[in-house]
Amino acid sequence: MNRAAVILVMCGSSIATSTLAAVKIEEEAKRRNVSVVVKKGKVADADVLLQSTKADIIVATAVLPPRDDVPVFNGVPLLTGIGQKELFDQIFEAIAKIKD
């Protein structure tokens, strides 16, 4: 895959926590020199947003059940800082597998 990985960051309202998580993911991607496009949305709109964004990965700060079509990561560590490094490692490992 030569294009940037698309990460869909979702929360309950698509305002506060998704914005914080999106900024942290963009900063980490830059630090790791990985090309990403980060989109935001509400978990209630997951199906529609997944179709329209063609996201490779979802990071959700609200409850979102696992999906068969795209990896879903719990984004709460991006809000608390607890487990954040491990979450980043998981996200960027998934991106590396997609890009292969």
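Some points to look at:
- Within the stretch 10-21, restricting attention to residues that are β-branched (Val, Ile, Thr) and part of a helix (DSSP H, G or I), the residue that is surrounded by the fewest Cβ atoms within 10 Å (Cβ to Cβ) is THR19.
- Candidate set: the stretch 61-88, residues that are in a helix (DSSP H, G or I) and surrounded by fewer than 14 Cβ atoms within 10 Å (Cβ to Cβ); chosen: the one modelled with the lowest pLDDT: THR80
- Filtering ILE95, ILE7, ILE91, ILE58 for residues that are in a strand (DSSP E or B), buried (at least 17 other Cβ atoms within 10 Å of the Cβ) and in contact (Cβ under 8 Å) with a residue 60 or more places away in the chain leaves a single hit, ILE7.
- Considering each residue of the stretch 22-40 in turn, none proves to be small (Gly, Ala, Ser), part of a loop (DSSP other than H, G, I, E, B) and more than 22 Å from LYS97 (Cα to Cα).
The values are calculated or read from the model by the stated rules, or taken from the named source; none is laboratory data. None of these values were measured; they are calculated from a predicted model. Virtual Cβ from ideal backbone geometry, glycine too; neighbours counted across all protein chains shown.
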